[in-house]
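Taking it in order: structure first as structure tokens, then the write-up.
The values are calculated or read from the model by the stated rules, or taken from the named source; none is laboratory data. This structure is a prediction, so every number in the text was calculated from the model and none was measured. Cβ placement follows ideal geometry from the backbone for every residue including glycine, while neighbour counts extend to all protein chains displayed. The protein model used for the area step is the full one, side chains on, heavy atoms only, and it has no ligands, DNA or RNA in it. Shrake-Rupley method; radii C 1.70, N 1.55, O 1.52, S 1.80 Å.
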Amino acid sequence: MERKTLKVLKEERVAVVRLNRPEALNALNSETLIELDDVIEELATDPDVDVIVLTGEGKAFVAGADIGEMRGLTAEEGRKFGILGQKIFRKLELLEKPTIAAINGFALGGGCELAMSCDIRLASEKAKFGQPEVGLGITPGFSGTQRLARLIGVSKAKEWIFTGDVYDANEAARVGLVNKVVHHEALMEEALEMSRKIASKAQLAVRYAKIAINRGIEADIDTGVQIEADLFGLCFATQDQKEGMTAFLEKRKPSFQAK
Ligand code: HXC
């Protein structure tokens, strides 16, 4: 389907979703959010797609929620706009397929929050990160107060959010927000290479691992290990487990089936 603010390209079991409002540095307005929601729903059940890469057109990944759209909102409208983004980002986080943010430039405010809702973050050396909302008279509103604290720790998250400072990719990697910093020109190839590697593994096992990590991290350790045990057990009901272990013992490459 043709979309106005996003481009989706599918190739070799990987879908690249490109935020495409470069004239506004890919700022998230309601239209973009709804299109993103729609794409997530579609890719979740697309049997040809194992891994999803999110990136931005032009010099930004996403420079935040759309300030022009937010300026005139009432308290209730602001709350609803926040909840709209929160729900979509949570859906992205819980999507039962791995997601990689390939951060090509500015990832500020809602853009940093979008990147944090992905499983893995690869950053161009040109990428810039931050939660500058307090400089606009608002708090982060697409779950940044929650995910940043979980990813980089409470103290660092408070420093980032209270000062609104912008950080380069190396600093974002140093504090654990970004998995890897790569040369700008190599960003998409790195993201695709990682995607293809993930796509070559047993997809049910990857999916169960994602569920175990996501659900376990929100629970106490005893609940977390129980979730892991259940999903680990379920792996043995799959053909891919038989194939993976047989291939190892027969010294050949496995050929996984399940999607
Ligand atoms: C709307 C935006 C925008 C945004 C940039 N633009 N960011 N429009 N919302 N978040 C627009 C500019 O108005 C401008 O439009 C065009 O994109 C290019 O931007 P410039 O500022 O000219 O580019 P540059 O000088 O390179 O500066 C880049 C920048 C700056 C440092 C990223 O644009 C910037 O500070 N943007 C805002 C970043 C921010 O505060 N983000 C947090 C938003 S709040 P024109 O028409 O003039 O060419 C947020 C809350 C999330 O995200 C939760 C909500 C519930």
Quiz item: Assuming Glu69 fulfils every condition listed in (1) assigned to a loop (DSSP other than H, G, I, E, B); (2) within 12 Å of the ligand (Cβ to nearest atom); (3) in contact (Cβ under 8 Å) with a residue 40 or more places away in the chain; (4) open to solvent by 20 Å² or more (accessible area, probe 1.4 Å) apart from one, which condition is it?
Solution: (1)
Self-check item: Test set (1) more than 16 Å from the chain's Cα centre (by Cα); (2) away from the ligand (no atom under 16 Å from the Cβ) - Glu57 fails condition number
Solution: (2)
Exercise. Can you tell me which residue among Leu36, Leu92, Leu54 is of a type in the set (A, V, I, L, M) and part of a strand (DSSP E or B)?
Key: Leu54
Quiz item: What is the number of the single condition among (1) away from the ligand (no atom under 16 Å from the Cβ); (2) within 25 Å of Val49 (Cβ to Cβ); (3) buried (at least 16 other Cβ atoms within 10 Å of the Cβ) that Lys197 does not meet?
Solution: (3)
Practice problem: Looking at (1) within 28 Å of Arg215 (Cβ to Cβ); (2) open to solvent by 10 Å² or more (accessible area, probe 1.4 Å), find the lone condition where Glu57 falls short. | Solution: (1)
Quiz prompt | Any pair with Cβ under 8 angstrom, 6 or more apart, that starts in region 127-147 at a residue that is more than 11 Å from Ile161 (Cα to Cα) and in the same structural domain as Gly58 (by the TED database) and ends at one that is surrounded by fewer than 21 Cβ atoms within 10 Å (Cβ to Cβ) and among the basic types (Lys, Arg) | solution = Ser143/Arg90
Practice problem: Specify the residue that is surrounded by the fewest Cβ atoms within 10 Å (Cβ to Cβ); the eligible residues are those in region 118-167 that are polar (S, T, N, Q) and under 18 Å from Leu92 (Cα atoms). | Solution: Gln146
Quiz item: Which numbered condition trips up Pro22, out of (1) surrounded by fewer than 18 Cβ atoms within 10 Å (Cβ to Cβ); (2) within 16 Å of the ligand (Cβ to nearest atom); (3) touching a residue at least 12 places away in the same chain (Cβ under 8 Å); (4) farther than 17 Å from Leu187 by Cβ?
Solution: (4)
Quiz item: Can you tell me which residues in region 168-183 are closer than 14 Å to Ile100 by Cα and open to solvent by 30 Å² or more (accessible area, probe 1.4 Å)?
Solution: Asn179, Lys180, Val181
